[in-house]
Amino acid sequence: CNHRCKFCIIPDMRGRLVSRPGHAVLREAEKLVEAGVRELLVISQDTSAYGLDRKYDVNPWKDGEIRSHITDLSRELGQLGAWVRLHYVYPYPHVRQLIPLMADPDNGVLPYLDIPFQHAHPDVLKRMARPAAAAKTLDEIAAWRAECPDITLRSTFIVGYPGETEAEFQHLLDWMEEAQLDRVGCFKYENVDGARSNALPDHVGEDVKQERWE
């Protein structure tokens with residue numbers, strides 16, 4: 001990922017996102033359920049962007065067709081008889097289409113989103129090369145909870161990113177106070193070999209990072 005956090009499983013991963021065809025994902029999931037799997041974890045670098053590189057193409061699936069789009073894929077996965085949990089979903093507008101599936105007791109898509117917000121201040125997000133729409137994100141969270149009150153939201157955040165000021169850190173705390181996420185993980189920024197962020201100015205001291213992490 002572009003900010004090269006040390007907790008990525010494959011920290012040197014590079015290149016464009018590549019999506020598997022929808023029917024291939026469903027076939028694998030179906031075999032897992034037939035083998036006794038009770039919960040399917042959908043994990044990718046950017047699950048919300050699934051199918052974008054394929055222009056949301058349509059492929060045969062059983063007696064019909066399946067579009068390579070996260071909404072269509074989730075709907076079909078939710079019919080396989082296992083729980084479906086979505087990870088690393090960014091709050092793009094079309095994510096709203098997933099919420100009715102989560103609110104439907106007859107669909108296996110769990111009311112759960114793992115969203116790697118990483119920070120809330122727009123300037124920090126810009127330095128991380130991430131979308132900087134934290135205020136709109138709060139509106140999205142409110143809309144999700146209005147439609148699906150049982151939804152659980154999990155995220156991770158980085159403190160001490162190069163250039164993070166005390167005011168930016170306080171902005172993050174204020175945002176989290178308003179967002180009221182259900183589960184949160186926190187990491188202290190550390191340089192990683194080859195990362196673009198290594199060359200950013202105004203690195204935060206270790207004692208300050210520790211204090212903010214605590």
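The values are calculated or read from the model by the stated rules, or taken from the named source; none is laboratory data. Small disclaimer: the values here were computed from a predicted structure and weren't measured. In this analysis, Cβ positions are derived from the backbone assuming ideal geometry, glycine residues included, and neighbour counts consider all displayed protein chains. Ligands, DNA and RNA are stripped out before the accessible areas are found, and what is left, the full protein with its side chains, is counted by its heavy atoms. Shrake-Rupley method; radii C 1.70, N 1.55, O 1.52, S 1.80 Å.
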Quiz item: Under a point-charge model restricted to the Cβ atoms of Lys and Arg (+1) and Asp and Glu (-1), what is the dipole moment magnitude of the chain relative to its Cα centre, in debye to the nearest 20?
Solution: 760
Exercise. Show that you can apply the helix-only estimate: for the chain, add -39,500 (n - 2.57) for every DSSP H stretch of four or more residues, divide by all residues, and state [θ] at 222 nm to the nearest 500.
Key: -9000 deg cm²/dmol
Quiz item: Taking the mean number of other Cβ atoms within 10 Å as a proxy for protection, how do you rank 99-105, 199-205 from highest to lowest?
Solution: 99-105, 199-205
Quiz prompt | Anchor K209: lysines whose Cα lies under 29 Å away (excluding residues fewer than 8 positions away in-chain) | solution = K6, K126, K136, K188
Quiz item: Which value in nm describes the separation of the simple spin-label points at C186 and E147, placed 7 Å from the Cα toward the beta carbon?
Solution: 3.2
Self-check item: Charge dipole (segment 134-214, unit charges on Cβ, about Cα centre) - positive-most of I141, S155, G194
Solution: G194
Quiz item: Where both partners of a DSSP beta bridge lie in the chain, what percent of those bridges are antiparallel, to the nearest 5?
Solution: 20
Self-check item: Packing-based order for 149-160, 112-123, using average beta carbon neighbours within 10 Å, highest first
Solution: 112-123, 149-160
Practice problem: Provide W83, W175, W213 ordered by accessible surface of protein heavy atoms (probe 1.4 Å), highest first. | Solution: W83, W213, W175
